[in-house]
Amino acid sequence: MNGATMAFPSELISYLRKAQRAAALTGAGVSQESGLRTFRDAQVGLWAQYRPEDLATPEAFARDPKLVWDWYAMRREKVKTVEPNPGHYALAEMARRIPDFTLITQNVDGLHRRAGSPQVIELHGNLAQVRCSVCGQFVERWDDNGVDVPRCAACGGLLRPHVVWFGEALPRAALEAAVEAARTCDVFFSIGTSGLVQPAASLAVAAHNRGALLVEINAEPTPLTERCDYSFRGRSGEVLPALVRAVWG
Ligand code: OAD
C-alpha cells in the first residue's frame, strides 16, 4: 500500500489522539528502507553461505571468533553509511505527541536514536558498542589489524560486539522496562518485525491480553497478524508518516 494515499479508520485515529501511554516494538523491517538487510532476507556476497542465525551465537564465536567479529564489523561499517528513514522520524514524532511513549527495538543499528527518539530500549544491544568477552569491560577504541580479533587491554580476552546472541539472556533492565511498558500501555505497535524471536515477540501478546489495542505495520502478514486490532500492510517508512499525519495533522 502506498502510505501517501492510505486511509486509516476514524476509530483508530480518535483512539490514538486520546492515548496516554503507548509502546512500540520495532524490528529489522523498520531499517530496511535505510538500506539495511533484515535478518530473514538472504545475505549477499561473502556472507551468502552463512545464515545470520548461525553467526549470532556464542557457539559460533567460540568456534570461529574471527568470522563472527568480521560479520559484525561489516555491519558496523554499513550502518555508518546509512541514514534514518521517514519511519524512524515518524516514531520520534509519536514520542513527542503521546505523553508516555516507550520505543522498544530489536535492532542494533542505533537508527532510532539518530532519528531523535528519546529513551530507546535496545533489547538486543547495539552494534556500535564493544565489550570484552571475558571480563565484560566496555572499550571505546580497539585496533583491528584485519587478521586477529582485537583483544581487551585489561585482561587479554577477545573483544565482541555488545549484542545479544541466540541463547543469551536479554539485558535485564531493558527487558524489565519493556515488560512494564507492555503491561501499562493503551496501545501497542508491532512494526517491521517477523514476531518470531522471543521474548520480544510475546510483548505484543501480553499487551493485547490485558486490553491494549494492538496495531501492526509490516510489509507481510506475520504470526501476530490475526490477533491484531489493526494490521497495515506496507512499508513502515510510508505507513508511519501517513499515520502521524492522519492523527496529528
Ligand atoms: P526479521 O528479518 O525476522 O523480520 C523483518 C520483518 O520486517 C519481516 O516481517 C518483513 O516482512 C518486515 N519488513 C521488511 N521490510 C519492511 C518495511 N520496509 N516496512 C515494514 N516491514 C518490513 O527481523 P526481526 O523481526 O527484527 O535477533 O528479527 C528479530 C530478531 O531475530 C533480530 O533482532 C535478530 C534476529 O535473528 C538476534 O540477533 C538476537
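Total residues in the stretch 10-53 satisfying the condition of being open to solvent by less than 20 Å² (accessible area, probe 1.4 Å) and modelled with pLDDT under 95: the figure is 1.
If you check Tyr50 against the conditions, is it within 27 Å of Pro150 (Cα to Cα) and hydroxyl-bearing (Ser, Thr, Tyr)? Walk me through it before giving the result.
Values: within 27 Å of Pro150 (Cα to Cα): yes; hydroxyl-bearing (Ser, Thr, Tyr): yes.
Taking the combined requirement at face value, the residue satisfies it.
Filter the stretch 196-249 down to residues that are without any contact (Cβ under 8 Å) to a residue 12 or more places away in the chain and among the charged types (D, E, K, R), then give me how many there are.
2
Scanning the stretch 41-100 for residues that are of a type outside the set (A, V, I, L, M, F, W, C), in contact with a strand residue (DSSP E or B) (Cβ under 8 Å, 6 or more places away or on another chain) and outside any helix (DSSP H, G or I) yields Pro99, Asp100.
Starting from the stretch 102-130, keep only residues that are among the basic types (Lys, Arg), then list their pairs with residues that are assigned to a strand (DSSP E or B) whose Cβ atoms are within a distance under 8 Å, requiring at least 6 positions of separation or different chains. Close Cβ pairs (under 8 Å, with a partner that is assigned to a strand (DSSP E or B)) amount to Arg113/Val120. For the condition within 15 Å of Ala24 (Cα to Cα), more than 16 Å from the ligand (Cβ to nearest atom) and in contact (Cβ under 8 Å) with a residue 12 or more places away in the chain, Ala95 qualifies.
I'd like to check something: does the stretch 189-203 contain any residue that is within 19 Å of Ala28 (Cβ to Cβ), within 16 Å of the ligand (Cβ to nearest atom), touching a helix residue (DSSP H, G or I) at 6+ places or on another chain (Cβ under 7 Å) and aromatic (Phe, Trp, Tyr)? No, there is no match, as no residue in the stretch 189-203 is within 19 Å of Ala28 (Cβ to Cβ), within 16 Å of the ligand (Cβ to nearest atom), touching a helix residue (DSSP H, G or I) at 6+ places or on another chain (Cβ under 7 Å) and aromatic (Phe, Trp, Tyr).
The values are calculated or read from the model by the stated rules, or taken from the named source; none is laboratory data. On a predicted model such as this, the values are computed, not experimentally measured, just so you know. Glycine also receives a Cβ, built like all others from the backbone with ideal geometry; neighbour counts cover every protein chain displayed. For accessibility, only protein heavy atoms count, side chains too; no ligands or nucleic acids. Shrake-Rupley method; radii C 1.70, N 1.55, O 1.52, S 1.80 Å.
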